Structures are given as C-alpha cells and as structure tokens.
Amino acid sequence: TLARNAVRIELTEEGCNVHAPHATPVLTLLLPPDRTVVGHEVTSTQIVRWGREYTVVTLHDLAANERRSLTW
C-alpha cells in the first residue's frame, strides 16, 4: 500500500510519466478504452469493469525512484 500510495502520474502531451519512490513489482493503470500504450516493460489489454470498457496497462518491475514514460 505504501508503494501504491506514493506513485505519481504526470500527464504529458503524448501520454504520461509514472514515478514511484519505492520499488513496485507490478503497477496497474485503468485508462479510457481503445488506448494503444507504448512503454518499457508494459503490457496492455482491454477489459470491462463496472459496466464500462477500459484499457488496462500494467507496468512491470518499476525500480525505486525510476521514472517511466508511457505514450498513447
């Protein structure tokens, strides 16, 4: 929970930057549907939750103080 609560997501014109001050083995983001996301150590799928469609983006092996850029 500490790692999850400390994650910062900064929007950019091309996507976002994700920063975690603690090592985070897996971080999952829900984005609007039909987003194609590109980034290092990222997987992306489409799901339906709570009656809505989402793009689920999963970042893997985020090191402490690492900043990752995602583009869409």
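What the table shows:
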quantity: Positions within the range 25-41 being at pLDDT below 90, within 19 Å of D61 (Cβ to Cβ) and not acidic (D, E), in sequence order; calculated: V38, G39, H40
quantity: Residue ID - surrounded by the most Cβ atoms within 10 Å (Cβ to Cβ), chosen from residues in the range 1-50 that are in contact with a Gly (Cβ under 9 Å, 6 or more places away or on another chain) and touching a residue at least 40 places away in the same chain (Cβ under 8 Å); calculated: V18
quantity: Qualifying residue in the range 53-71 (condition: free of Cβ contacts under 8 Å to residues at least 12 places away in the same chain and surrounded by fewer than 11 Cβ atoms within 10 Å (Cβ to Cβ)); calculated: no
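The values are calculated or read from the model by the stated rules, or taken from the named source; none is laboratory data. Fair warning: this is a prediction, and the values are worked out from it, not measured in the lab. Methodologically, a virtual Cβ is constructed for each residue, glycine included, from the backbone with ideal geometry; neighbour enumeration extends over all protein chains shown.
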